[in-house]
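Can you keep this structure in mind? I'll have questions shortly.
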Ligand code: ZN
C-alpha cells in the first residue's frame with residue numbers, strides 16, 4: 001500500500017501532501033493520523049521553517065472518506081491527542097462523539113495551533129472535510145481551477161465539524177454557501193477573504209514556494225508568537241467557543257439521522273451525495 005501522506009523537506013520547507021489521488025484525496029483515518037505524524041515531524045525538525053499542505057493528483061481533497069474501499073471508521077489508530085475515550089467498540093452517539101471529537105474537530109484544532117507557519121496550496125476540489133484541512137492552515141493560496149463547497153446540509157447536518165465558515169468568510173456568505181451547498185470558485189473565495197491569492201495552476205507551486213522562502217527568512221520564534229497572537233485574536237472573535245457550541249448541533253443532527261433514517265449521514269454516501277450536488281447544479 002502506498003503512503004497516504006507524503007513528506008519531503010526542500011530548503012527548509014516541509015511539503016506535506018495528501019496522497020490518495022485515486023480517491024481525490026478523500027480523507028480516511030489512516031490519512032488523518034499520517035497527517036498528524038507528518039506535522040509532528042515538521043514541528044520537531046528545527047530545520048523546517050514553513051510547512052505547505054497540498055494534494056497529489058488532480059484535487060486537493062474531496063472531503064472525508066464516506067465511501068471508498070479504504071474507509072476505516074472502525075479502526076483504532078495510535079492516539080496522540082487523547083481528549084476522549086476511543087470510539088472503537090462504542091455505540092451510537094457515544095461512538096460518534098468520541099470519534100469526531102478527536103479525528104475531526106480535535107485534529108484540525110491541533111493542526112491550527114502548530115507553532116510554524118502552514119500554507120494550504122489548493123487546486124481542484126476542496127470539499128467539506130477538505131475545507132477543514134485548508135482552514136486549519138494559516139492561509140490558503142489557490143489555483144484558478146480550485147473550487148470549494150460544504151454540501152453536508154444535504155445530510156441535514158449544519159456544516160462540517162470544524163465550523164469555521166462564519167469566521168473565514170462572513171456570516172451571510174456562510175449562510176449562502178451552507179444553505180445552497182453550491183460550489184464556489186477561487187475568485188469568489190478570494191473576494192470573501194477565505195483565500196489569500198489566486199494564481200494560474202502552472203504557477204501555483206512556484207508561487208507558494210517563493211512565499212514560503214520569504215516567510216522562512218523571518219525569526220522562527222517570532223513567527224510562532226505571531227501565529228499565536230493572530231489565532232488568539234480569532235478566538236476572541238468567538239471562533240473557538242462558536243465551534244464548540246456548533247459541535248453539539250452537529251451531533252444532534254447525526255443522532256437525529258441515526259434515529260429516523262438508515263445511518264447518521266441520513267443515508268447518503270459519496271456517490272449519492274455527488275449525484276445530489278450534480279442535480280442541484282444542473283437545475284440552477
Ligand atoms: Zn460529523
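Here, each number is a calculation from the coordinates, and none is a lab measurement. This structure is a prediction, so every number in the text was calculated from the model and none was measured. All Cβ positions, even for glycine, are placed from backbone atoms using ideal geometry, and neighbour counts span all protein chains on display.
Calculated from DSSP H runs of 4 or more alone, at -39500 (n - 2.57) each and per residue, what is the 222 nm mean residue ellipticity of the chain, nearest 500?
Mean residue ellipticity at 222 nm (helix-derived): -13500 deg cm²/dmol.
Output the 0 to 90 degree angle, nearest 10, between the alpha-carbon long axis of helix 239-260 and the longest principal axis computed from the alpha carbons of the chain.
Helix 239-260 and the main axis of the chain meet at about 30 degrees.
Further question on the same structure: Counting only the backbone N, which residues of the stretch 60-89 are under 19 Å from the spot 7 Å out from the Cα of residue 274 toward its beta-carbon?
60-72
Residue 180 to residue 224: extension gain in nm, 0.36 nm per residue of separation minus the Cα-Cα distance?
Once the chain is fully extended between residue 180 and residue 224, it gains 12.1 nm.
On to the next question. Would you work out the relative contact order for the chain, in percent, from Cα pairs under 8 angstrom that are 6 or more residues apart?
After rounding, I find 17 percent.
Would you calculate the separation in nanometres between label points at residue 82 and residue 94, each defined as 7 Å from the Cα along the Cα-to-beta-carbon direction?
Rounded to a tenth, the inter-label distance reads 1.9 nm.
Looking at the square roots a ≥ b ≥ c of the eigenvalues of the Cα gyration tensor of the stretch 1-130, which shape do they give, rounded for a/c under 1.5, prolate if a/b is larger than b/c, or oblate?
oblate
Counting other beta carbons within 10 Å of each Cβ, put 161, 100, 22 in order, fewest first.
The fewest-first ordering by Cβ neighbours comes to 22, 100, 161.
Starting from the Cα of residue 203, step 7 Å toward the Cβ, then list every residue of the stretch 142-179 with an amide N under 12 Å from that point.
The answer is 143-144, whose backbone nitrogens lie closer than 12 Å to the label point.
Taking 0.36 nm per residue of separation and subtracting the Cα-Cα distance, what length does fully extending residue 210 through residue 40 add?
58.9 nm is the gain from fully extending residue 210 to residue 40.
Could you please state, rounded to a whole Å, how far the C-alpha centre of the stretch 121-162 is from the C-alpha centre of the stretch 202-264?
Taking the Cα centre of each part, the stretch 121-162 and the stretch 202-264 sit 11 Å apart.
State whether the stretch 85-228 is rounded, prolate or oblate according to the following rule on the C-alpha gyration tensor (a ≥ b ≥ c being the square roots of its eigenvalues): a/c under 1.5 gives rounded; otherwise a/b larger than b/c gives prolate, and the remaining case gives oblate.
oblate
Viscosity 1.567 mPa s, temperature 4 °C: give me the Stokes-Einstein translational D for the chain in µm²/s, with Rh taken as the Kirkwood radius over C-alpha pairs.
Diffusion coefficient, whole number: 68 µm²/s.
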